[in-house]
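Everything on this sheet refers to the single structure shown next.
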Amino acid sequence: MDKIIIRGGKPLSGRIPISGAKNSALTLLPCALLTDEPLTLRNLPRLADVDSFGHLLNQLGVSTMIEGARPEDFGRVMTLRAGRVTSTVAPYDIVRKMRASILVLGPLLARAGEATVSLPGGCAIGNRPIDLHLKALEALGAEIEITAGYVTARAPKGGLPGGDFGFPVVSVGATENALMTAVLCKGTSTLRNAAREPEIVDLCNLLVAMGAKIEGIGGSTLVIHGKERLHGATYRVMADRIEAGSYACAAAITGSALDLIGAKLDEMEATVAALRQAGVHVEEIADGIAVRPNGKLQALTLSTAPFPGFATDMQAQFMAMLCLAEGASVLTETIFENRYMHVPELNRMGAHIEVKGRTAVVHGVERMVGAPVMATDLRASMSLIIAGLAAEGETEAGLSKRWFCSGHYPPPTPPFQGGEARCAA
Ligand code: UD1
């Protein structure tokens, strides 16, 4: 698949089962390295990144087996077993395709006493350093060495003692790596100013199910009492709050009614608050969240922030939605320095967006028109699809190779009727 064609201008309708969360799956999978017993993950999303992560884990000695999904699971069920870790190296070839490979650093170090991972480098949305991952592991007692594009983390003789670390800025990935290391340290570790994203809570819940002892789950200070060993578990990946929010934006911009099955309001309060402020009717239903049209969309002022703030992963989709709102919206991106790649593409579809530094002003327009556009990162690509659903005529979103590495694979069949989306080879 190298492009998606969207014929817009039609309302959507239906009930959409929300997939397991990508960002959760990518941190739960490496937990298989923390035990020699089987780890079964249910509701894994059907993504190229999940497959790539499986391949990476295979190279480290983890066996992976896909099982039939249960009826209540939209996604896949995978059982992973790291009876023995046979390699402690995550090579460049895999890491360059999937940034999340850095998340094997902590668990490999914790289990095998050593880990070597290729430095991930930048990506479409910015520089994305890993200095905080390394500083946190150092605080837990690891020795860090960087040579020839690889980082090696080693435990001292006698194992990692554990320790205290305060993150100078909130980092989801660094919190995850530190957590997955601390659970097997000799002593107690404290992580301050830790990320509080629901995916971190999901990770903590899995680790606890594997026998870890963690205090403060859901808060910004986590106290982890290291254990000698963890055991296997069966765990269901949480619903993807970003996917749910993206469908909500698609419903809002097309004035449609959609039910988002499995979505949880308390995991996406900032998104729901922003939708409501824009005039969209959102309510909790027995099995998810209902989104209903409620007149003309209104402009918003939004600034991205770590959870519980407004997610940077929702910025592009909201921007697309606000292109057709009444009045001028002001969006400020505070997390990543280069996350406006979708702006010129939206403008090519008739939007009127001006960017000054980290702030974008979206002047609402009456109509947008389909056009050939170039999709960059995953969320930017979704914003173009959202805009395409409301635009007149056909939008052809060309996918960059990088996007392909983070996208749905194979492409899902949209379980809703209305605006058409088809994939072209
Ligand atoms: C994760 C999510 C991504 C989301 C982001 C912020 C996954 C797989 N990806 O990415 O979808 O957009 O959280 O919610 O879960 N930083 C440093 N040094 C570091 C690490 C991060 O300076 O060592 C900076 C980053 O450049 C960025 C900020 O901290 O400005 C937050 O990044 P971080 O939370 O680490 O993002 P990821 O974990 O990479």
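Of the residues making up the stretch 358-377, those that are more than 15 Å from the ligand (Cβ to nearest atom) and more than 16 Å from Phe318 (Cβ to Cβ) are Glu366, Arg367, Val369, Gly370, Ala371, Pro372, Val373, Met374, Ala375. Looking at the stretch 36-71 only, could you name the residues that are free of Cβ contacts under 8 Å to residues at least 12 places away in the same chain and not in a loop (DSSP other than H, G, I, E, B)? Result: Asn58, single match. Of the numbered conditions (1) within 16 Å of Pro30 (Cβ to Cβ); (2) open to solvent by 20 Å² or more (accessible area, probe 1.4 Å), Cys204 satisfies every one except a single condition; which is it? The number of the failed condition is (2).
Please work out which residue is farthest from the ligand (Cβ to nearest atom), limiting yourself to the stretch 150-159 and to residues that are over 16 Å from Val104 (Cβ atoms) and in contact (Cβ under 8 Å) with a residue 12 or more places away in the chain.
If we take residues in the stretch 150-159 being over 16 Å from Val104 (Cβ atoms) and in contact (Cβ under 8 Å) with a residue 12 or more places away in the chain, then Gly158 is farthest from the ligand (Cβ to nearest atom).
Quick check on the stretch 362-385: of everything there that is part of a strand (DSSP E or B) and open to solvent by 40 Å² or more (accessible area, probe 1.4 Å), which residue is nearest to Thr334 (Cα to Cα)? Looking at residues that are part of a strand (DSSP E or B) and open to solvent by 40 Å² or more (accessible area, probe 1.4 Å), I get His363. Scanning the stretch 386-408 for any residue that is among the basic types (Lys, Arg), modelled with pLDDT under 50 and not in a loop (DSSP other than H, G, I, E, B) turns up at least one such residue. Taking the stated definitions as given, is Leu109 farther than 30 Å from Gly288 by Cα and either open to solvent by 30 Å² or more (accessible area, probe 1.4 Å) or outside the structural domain of Ser383 (by TED's automatic domain parsing) (or both)? So Leu109 fits the description; yes.
Yes or no, residue by residue, for (1) out of contact with any Asp or Glu (no Cβ under 6 Å at 6 or more places or on another chain); (2) assigned to a loop (DSSP other than H, G, I, E, B); (3) modelled with pLDDT of 95 or more; (4) not aliphatic (A, V, I, L, M):
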position: Ile200; (1), (2), (3), (4): yes, no, yes, no
position: Val208; (1), (2), (3), (4): yes, no, yes, no
position: Leu230; (1), (2), (3), (4): yes, yes, yes, no
position: Gly245; (1), (2), (3), (4): yes, no, yes, yes
position: Ala250; (1), (2), (3), (4): yes, no, yes, no
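Being in a loop (DSSP other than H, G, I, E, B), within 14 Å of the ligand (Cβ to nearest atom) and free of Cβ contacts under 8 Å to residues at least 60 places away in the same chain holds for only one residue in Ala174, Ala194, and it is Ala194. Being outside any strand (DSSP E or B), open to solvent by 10 Å² or more (accessible area, probe 1.4 Å) and touching a His at 6+ places or on another chain (Cβ under 9 Å) is the filter here; which residues of the stretch 177-191 pass it? Gly187, the sole residue that qualifies. For the stretch 43-61, how many residues are among the aliphatic types (A, V, I, L, M) and within 17 Å of Gly75 (Cβ to Cβ)? Summing the residues that are among the aliphatic types (A, V, I, L, M) and within 17 Å of Gly75 (Cβ to Cβ) in the stretch 43-61 gives 4.
Going through (1) without any contact (Cβ under 8 Å) to a residue 60 or more places away in the chain; (2) part of a loop (DSSP other than H, G, I, E, B); (3) not assigned by TED's automatic domain parsing to the domain that holds Ala32 one by one, Ala263 falls short only on (1).
State whether the residues of the stretch 133-145 include one that is open to solvent by 20 Å² or more (accessible area, probe 1.4 Å), outside any helix (DSSP H, G or I), within 13 Å of the ligand (Cβ to nearest atom) and not acidic (Asp, Glu). Yes; the residues of the stretch 133-145 include at least one that is open to solvent by 20 Å² or more (accessible area, probe 1.4 Å), outside any helix (DSSP H, G or I), within 13 Å of the ligand (Cβ to nearest atom) and not acidic (Asp, Glu).
Taking the condition among the hydrophobic types (A, V, I, L, M, F, W, C), more than 16 Å from the ligand (Cβ to nearest atom), assigned to a loop (DSSP other than H, G, I, E, B) and in the same structural domain as Asn205 (by TED's automatic domain parsing), does Val77 pass? For Val77, the condition - among the hydrophobic types (A, V, I, L, M, F, W, C), more than 16 Å from the ligand (Cβ to nearest atom), assigned to a loop (DSSP other than H, G, I, E, B) and in the same structural domain as Asn205 (by TED's automatic domain parsing) - is not met.
So that you can scan it fast, the table gives a plain yes or no per residue for (1) open to solvent by less than 10 Å² (accessible area, probe 1.4 Å); (2) at pLDDT 95 or above; (3) closer than 27 Å to Arg15 by Cα:
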| position | (1), (2), (3) |
| --- | --- |
| Ser256 | yes, yes, yes |
| Gly288 | yes, yes, yes |
| Leu302 | no, yes, no |
| Phe310 | no, yes, yes |
| Asp313 | no, yes, yes |
| Met341 | no, no, no |
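In the set Thr40, Thr35, Thr27, Thr64, which member is modelled with pLDDT of 95 or more, open to solvent by 40 Å² or more (accessible area, probe 1.4 Å) and not hydrophobic (A, V, I, L, M, F, W, C)? Of the residues listed, the single one that is modelled with pLDDT of 95 or more, open to solvent by 40 Å² or more (accessible area, probe 1.4 Å) and not hydrophobic (A, V, I, L, M, F, W, C) is Thr64. Given the criteria within 21 Å of the chain's Cα centre (by Cα), closer than 14 Å to Glu176 by Cα, in the same structural domain as Val208 (by TED's automatic domain parsing) and among the hydroxyl-bearing types (Ser, Thr, Tyr), does Thr40 qualify? Criteria not met by Thr40. Go through the stretch 84-101 residue by residue and tally those that are in a helix (DSSP H, G or I) and open to solvent by 10 Å² or more (accessible area, probe 1.4 Å). Qualifying residue count, the stretch 84-101: 5. Annotation note: of Gly279, Gly295, Gly218, the sole residue that is in the same structural domain as Met78 (by TED's automatic domain parsing) and either in a loop (DSSP other than H, G, I, E, B) or open to solvent by 10 Å² or more (accessible area, probe 1.4 Å) (or both) is Gly218.
The values are calculated or read from the model by the stated rules, or taken from the named source; none is laboratory data. Keep in mind that this is a model prediction, so the values were computed, not measured. Glycine gets a Cβ as well: all are built from the backbone with ideal geometry, and neighbour counts include every protein chain shown. Note: areas computed on protein heavy atoms with side chains; ligands, DNA, RNA excluded. Shrake-Rupley method; radii C 1.70, N 1.55, O 1.52, S 1.80 Å.
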